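Each remark here refers to the structure printed beneath this line.
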Amino acid sequence: MQTLSQFMRTHPAGATLLKNGWGTNDFLDVSPKIYKPHSVICRQDDNDDTIFILKSGWAILYRGLLDGERQIIDTPLGGDIVGFRFVDGPRFASLASITELAVYEISRKALIDAVLSDGRLGNKIACSLARLNAILAEHLVNVGRRNAMSRTAHFLLELEERLSKVGLSDHGRYECPLTQHELADILGMTTVHVNRTLRELRKADLVSFKAGHVEVINRKKLVETAGFDKEYLR
């Protein structure tokens, strides 16, 4: 089983975590924990201090609402850090697996101590958090201001770009295990509206999402429809 250190050395260039800048810290020897599909890894308002680094698989990060609904705020992928914070307190969101998920679990104290002792590691963490902040800002714009076609197109392009950085997208084609119900919780739409919007995008020969497989058909027009600028994902 690949340790965190081994994962860092083999992780594709351009992903959230790079092989340089992690120093020689004890937590690098940790092996990933495997979760079955649809497992809850951590819950909103928990007070444990575990930080998660995703190795492989698909997950959702979401906020539960008082009426029992939820808003999915991100879909963390391989190399992404989840739950990092400097202060004690409850978690702001829950993390759950969509597929089988391999996750490195390390303590907040261990990572913070490493950050404070290694400036290169601190820089990587800062870059990761800045990237997450940019993603969340785009998701806020999606649900707040973009219409159904634009927000759906934008999210599918974002996934394609993020997956391409970890070698999981090829020429606009990628596997996506998210259901239409989960897409609805990401996009702030109803499942019926998501279904209708996906049909419209396919009818316009822009993008196809069928049986867990996404294919970008006309990238130029899809980018124009979404107003997509991948700069925020750098």
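The values are calculated or read from the model by the stated rules, or taken from the named source; none is laboratory data. What you are looking at is a predicted structure, and each value in this text was computed from that prediction instead of being measured. FYI the Cβ positions are ideal-geometry reconstructions off the backbone, even for glycines, and counts take in every protein chain you see. These area figures cover heavy atoms from the full protein model, side chains too; ligands, DNA and RNA do not enter into them. Shrake-Rupley method; radii C 1.70, N 1.55, O 1.52, S 1.80 Å.
The calculated FRET efficiency for N147 paired with E231, based on their beta-carbon distance and R0 = 35 Å, is about 0.95.
A crude spin-label estimate for the pair C127 and A204, with each label 7 Å from Cα along the Cβ direction, gives 3.5 nm.
Computed from Cα atoms, the angle from the helix 108-117 axis to the main principal axis of the chain rounds to 70 degrees.
Please report the carbon-and-sulfur percent of the accessible area for the range 146-233; probe 1.4 Å, protein heavy atoms only, DNA, RNA and ligands left out. Don't jump to the answer; show the numbers that get you there.
Numbers: 2130 of 4290 Å².
Carbon and sulfur: 50 percent of the exposed surface of the range 146-233.
Rounded to the nearest 20 debye, the dipole size of the chain about its Cα centre is 620 debye, using +1 on the Cβ of Lys and Arg and -1 on the Cβ of Asp and Glu. Between P90, P32, P177, the GNM of the chain built on Cα springs shorter than 10 angstrom shows P90 fluctuating the most.
FRET efficiency for the F86 to A137 pair, using the beta carbon distance and R₀ = 22 Å, is estimated at 0.60. You can think of it this way: the chain between D46 and K33 has 2.8 nm of extra reach, that is 0.36 nm per residue less the Cα-Cα gap.
Multiply the residue separation of E224 and S117 by 0.36 nm, subtract the distance between their alpha-carbon atoms, and state the gained length in nm to one decimal.
Details: separation 107, 0.36 × 107 = 38.52 nm, distance 4.48 nm.
Between E224 and S117, full extension yields 34.0 nm more.
In the context of the full protein assembly, V192 retains an accessible surface of approximately 100 Å², using a probe radius of 1.4 Å and ignoring ligands and nucleic acids.
Modelled this way, with points 7 Å down the Cα-to-C-beta line, the labels at T190 and A110 are 4.8 nm from one another. The heavy atoms of S56 present about 50 square angstrom of accessible area, all protein chains included, probe 1.4 Å.
Pairs of Lys residues in the chain that lie 8 or more places apart, or on two chains, and have C-alpha atoms under 21 angstrom apart add up to 21. Taking the chain as a Gaussian network, Cα atoms linked when under 10 Å apart, which of F52, F84, F92 shows the biggest mean-square fluctuation? Answer for the Gaussian network model of the chain: F92. Ligands, DNA and RNA aside, S31 has an accessible area near 60 Å² when probed at 1.4 Å. Ranking V207, S164, G79 by how far each Cα lies toward the positive end of the dipole of the chain (charges on Cβ) leaves V207 at the top. Maximal additional length on extending the M1-L66 stretch stands at 19.4 nm, based on 0.36 nm per residue less the C-alpha distance. Between 0 and 90 degrees, the angle of helix 191-203 with respect to the longest Cα principal axis of the chain falls at about 70 degrees.
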